[in-house]
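Coordinate-derived values only; no laboratory data. This structure is a prediction, so every number in the text was calculated from the model and none was measured. Note: ideal-geometry Cβ built from the backbone for every residue, glycine included; neighbour counts use all protein chains shown.
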Amino acid sequence: MIIKKQQNKTLNEFLNIKDIDNNCLRTLDGQAILFLKVNPINTDLFSEDELEVKMDKMSIEFSNEQQPYTIFVIPRKVDIQDFVNEQQELKKSLTDEIGIRIVENRIINTHELVADKNIIESEFYLCIWEKESENSTEKLLKRANNWKQRFSNSDFQTKILEKNEIILLVKSFTIPEFARKEDTDYRDNIVKIRRKIDRI
């Protein structure tokens, strides 16, 4: 009986990551990958006619895309820290007791709302890639800016992720608590939507 010694892999090898620099993640199997974050909009605020117009507009913008891409939808607990900090600063600037009490109740009610209902928000990421070459970064940035323009035409705001943001995104796939500093007890359920059947 022959027993093969199991070869240990580094985390980078397991994740197929060679390097992350500027706006690109480079893989061990020769791909350069770029990520865009797409800020969501609340479609519940649209009438049926408005929603139909927006969908038609988006279909026109995106129907001619010939290159493969993947969309990641990552649900997370709502992060209320920025709102709470803003309310605390507002409280410091107030002098009347009624105003201070209103702000304190607003902070308490916000904490209770999130704690009781476990409210979730989704983060949307678009992933595009090219076979690594001397000009793969330039190609990806050109494609990314094209995507940004098309999203802008459909009233969506987007951002090309930089190195630190890519690292946090990768960690959110492997160690979810790194994605949000205080989000240590929540497990992400990551949804993938592929444009074409291609392996990244």
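With 32 Å as the limit on Cα-Cα distance, the pairs of Lys142/Lys171; Lys54/Lys91; Lys91/Lys171 that go past it are Lys54/Lys91; Lys91/Lys171.
Here the range 129-174 and the range 96-110 have alpha carbon centers that stand 41 Å from each other.
Distance between the 7 Å Cα→Cβ label points at Asp29 and Gln66: 2.5 nm. Segment Thr110..Lys57, full-extension length gain: 15.5 nm, with 0.36 nm per residue of separation and the alpha-carbon distance subtracted.
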